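Notes follow the structure.
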């Protein structure tokens, strides 16, 4: 119960932050288009901000997308195996996902800190600031994978079909 509540809370927070980054991207692009066609030139920082915010939005919501089973994956083998083999496969998938998320958190943290001496061309800020979206996103993914545990992920397409067939009967 606590696990599902925590995952729901983390999902709402990360989706909200990702949505905010996407909203900033939208407003930035609209501002760039208006200034380009009304004033005659767009601000130099506009494209760079949009790029950083798009990357941040994707990374921030990655954990919630994974927990909800809405990421791209093939679960055919998972559905066809017996109970014991399925548990082994789920544990393997979970450990692999956890290992990759931890590794990417560690690597991206070191990368974000290593580019601190450089400034971004358009925004004129330390490159560490926008690069911190990577360890933050992968760290949140790691946390959500840990909290979820080696349980089966929802299969939105398969679950929707099964519930629709049950409702029609």
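Side notes on the structure shown:
- From the options 27, 49, 98, 23, residue that is touching a helix residue (DSSP H, G or I) at 6+ places or on another chain (Cβ under 8 Å), at pLDDT 90 or above and either within 30 Å of residue 122 (Cα to Cα) or not in a helix (DSSP H, G or I) (or both): 49
Residue by residue, here is whether (1) under 19 Å from the mean Cα position of the chain (by Cα); (2) closer than 26 Å to residue 16 by Cβ holds:
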site	(1), (2)
93	yes, no
100	yes, yes
108	yes, yes
118	no, no
127	no, yes
131	yes, yes
134	yes, yes
146	yes, yes
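- Residue within the range 65-85 that is out of contact with any helix residue (DSSP H, G or I) (no Cβ under 7 Å at 6 or more places or on another chain), outside any loop (DSSP other than H, G, I, E, B) and either surrounded by 17 or more Cβ atoms within 10 Å (Cβ to Cβ) or modelled with pLDDT of 90 or more (or both) present: yes
- When residues in the range 112-128 are screened for being surrounded by 15 or more Cβ atoms within 10 Å (Cβ to Cβ) and assigned to a helix (DSSP H, G or I), 2 of them pass.
- In the set (1) touching a residue at least 24 places away in the same chain (Cβ under 8 Å); (2) loosely packed, with under 14 Cβ neighbours inside 10 Å, residue 8 fails one condition alone, (1).
- Scope the range 23-32; condition buried (at least 17 other Cβ atoms within 10 Å of the Cβ) and either touching a residue at least 60 places away in the same chain (Cβ under 8 Å) or within 19 Å of the chain's Cα centre (by Cα) (or both); matching residues: 24, 25
The values are calculated or read from the model by the stated rules, or taken from the named source; none is laboratory data. Note that the coordinates shown come from a computational prediction; the quantities given were computed from them, not determined experimentally. Cβ atoms come from the backbone with ideal geometry, glycine included; neighbour counts cover every protein chain shown.
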